[in-house]
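Just so it is clear, none of the values below were taken in a lab; they were calculated from the coordinates. Fair warning: this is a prediction, and the values are worked out from it, not measured in the lab. Neighbour counts run over all protein chains shown; Cβ positions are idealised from the backbone, glycine included.
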C-alpha cells in the first residue's frame, strides 16, 4: 500500500472569490466547480487544492488553520516576482539555514501559503 497524494481541502465562506484568487492570482486551473454543493477542485502542475463551503460539518464561522500550505517550486524567484505586488506578504523571499529559499503569502481567506526551493546550504556561509 502507498499514499498517492495530498489535496488540502480549505474551507471558505466565499467559494467564487477563492476560486478567482487561486485562478487569477496564483494561476491555478479550475478543474471542477460545483456551486450547488459549494465545492471546487483547483490544480497547477502537480499541486491540487480543494475549496469547500462547509454545510454539514461543525459550525464554520471563519477560516481556521494553524499551519501553512508549503508548495515546492523549481524557480521560487520567478514565483516571487509574479506574486509580490498582488498578494499580502507574510514574509519576503529569503534564504534560510535549513536549505530553502522561500517566501510566504496569505490567500484571500488568510490561509498562509509558502513557496520554496532547495538551495545549497554551503553557499550561504
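Annotations
- Counted by neighbouring Cβ atoms within 10 Å, the residues 59, 97 run from fewest to most as 59, 97.
- Packing-based exposure ordering (other Cβ within 10 Å, fewest first) of 36, 78, 2: 2, 36, 78
- Most to least packed among 84-92, 101-109, 114-122 [average Cβ atoms within 10 Å]: 101-109, 114-122, 84-92
- For the chain, calculated [θ]222 nm from helices alone, where every DSSP H run of n ≥ 4 adds -39500 (n - 2.57): -3000 deg cm²/dmol
- Answer label, with Cα extents along the principal axes in Å calculated from the coordinates and candidates [x] 34, 30, 26; [y] 36, 36, 24; [z] 53, 42, 26: [z]
- Linear extension gain, residue 23 paired with residue 75, 0.36 nm per residue minus alpha-carbon span: 16.8 nm
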